[in-house]
Amino acid sequence: MGFFDRLKEGLSKTRKGFTEKIEQLVTGYAQIDEEFLEDLEAVLLSADVGIQTTGSLLADIRQAIKAKQIETPEQLTPFLRERISALLAGGEDAQPHAGEGPVVIMVVGVNGVGKTTTIGKLAHYYRDQGQKVMLAAGDTFRAAAIDQLEIWGQRGGAEIVKHSAGSDPAAVAFDAVQAARARKADLLIIDTAGRLHTKSNLMEELKKVHRVIARELPGAPHEVLLVLDGTTGQNALSQARLFKEAVQVSGVVVTKLDGTAKGGVIVAIRAELGLPVKWIGVGEGMDDLRPFVAEDFAEALFADK
Ligand code: GDP
């Protein structure tokens with residue numbers, strides 16, 4: 001199966017809960033009236049597109065109706081697809097570049113969102129591109145997280161820098177940057193803790209890790225990726241606001257899109273946070289994390305069964 005088909009398959013639940021419902025609406029109405037627009041609003045909200053983004057999509061639609069760009073219900077689907085694609089686009093293809101030394105990616109996010117898995121998949125992806133990848137086990141709060149990362153590192157062919165559980169994550173980051181330079185790695189991916197119940201401490205810790213990395217390698221981290229669980233809907237949005245304030249998040253990874261009918265949340269994440277979605281996870285396999293391409297995503301979302 002090619003990647004587009006896998007993406008389509010991964011988005012099948014969202015397609016059922018979102019685009020197929022729009023199709024039903026379109027075929028159920030002979031003309032666009034207020035009732036049609038109200039039903040459409042309900043579909044968008046139930047797919048977790050979010051109040052703000054739903055509002056702006058509906059405003060666009062009303063505008064297009066006025067301008068006679070949309071005259072029949074059937075004309076709505078291509079219009080919506082295009083608008084969603086446009087809302088999702090921008091900045092996603094920017095790759096992190098380093099001057100001298102390795103590219104450093106710091107990965108942040110709440111426990112359970114798929115951070116470790118994502119790091120493993122990223123290591124695999126970049127190694128496939130011929131890069132020498134190293135990992136840093138910066139979630140020293142959980143012994144299991146260190147073990148997990150090591151397993152993913154072995155699978156993805158990446159060397160790992162780790163300290164024992166309970167040690168200072170900034171010290172791990174420091175050692176990892178040193179090691180990555182010394183061993184001439186192309187890429188260093190740094191895991192971080194994600195315990196949210198003590199959030200002020202967590203944010204201070206993340207800032208410190210960020211500072212240490214920047215001090216050891218000017219220009220680093222070249223990317224701060226925030227991992228969000230696509231199945232958590234609006235909760236993912238509030239997490240994003242929290243992390244965005246604390247560390248300079250440069251891009252978002254949305255995981256588990258295969259496990260939800262509410263994948264519309266990705267539109268809200270992109271539109272309401274102003275952060276590019278850079279990667280999406282549509283499964284648990286090594287190859288199920290892919291660079292995000294807005295147009296492909298919209299196409300897969302609106303594709304026929
Ligand atoms: P962490 O606590 O953030 O490091 O989360 P983990 O990486 O341990 O992942 C938590 C669970 O989510 C694991 O069971 C993963 O297999 C699963 N997971 C991660 N990404 C995806 C995805 O894209 N799709 C699916 N279906 N499961 C995923």
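The values are calculated or read from the model by the stated rules, or taken from the named source; none is laboratory data. These numbers come from a predicted model, not from an experiment. So basically every Cβ, Gly included, is an ideal-geometry build from the backbone, and we count neighbours across all protein chains shown.
Numbers at a glance
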read-out: Residue identified as surrounded by 22 or more Cβ atoms within 10 Å (Cβ to Cβ), at pLDDT 90 or above and within 23 Å of Ala98 (Cα to Cα) among Leu217, Leu257; value: Leu217
read-out: Candidates Leu44, Leu76, filtered to the one that is under 24 Å from the mean Cα position of the chain (by Cα), closer than 24 Å to Phe297 by Cα and surrounded by 15 or more Cβ atoms within 10 Å (Cβ to Cβ); value: Leu44
read-out: Qualifying residue in region 275-287 (condition: among the basic types (Lys, Arg), at pLDDT below 95, within 20 Å of Ser85 (Cβ to Cβ) and crowded, with 20+ Cβ neighbours inside 10 Å); value: no
read-out: Test: residue in region 54-71 that is closer than 17 Å to Ala261 by Cβ and crowded, with 17+ Cβ neighbours inside 10 Å; value: yes
read-out: Matching strands (runs of 3 or more DSSP E) fully within region 102-170 where at least 3 residues are of a type in the set (Asp, Glu) and over 15 Å from the mean Cα position of the chain (by Cα); value: none
read-out: Residue in region 83-98 that is within 11 Å of the ligand (Cβ to nearest atom), farther than 30 Å from Phe36 by Cβ and not basic (Lys, Arg) present; value: no
read-out: Condition met for Gly219 (outside any helix (DSSP H, G or I), more than 20 Å from Lys121 (Cα to Cα) and away from the ligand (no atom under 16 Å from the Cβ)); value: yes
read-out: Test: Val267 is in contact (Cβ under 8 Å) with a residue 12 or more places away in the chain, away from the ligand (no atom under 12 Å from the Cβ) and part of a helix (DSSP H, G or I); value: yes
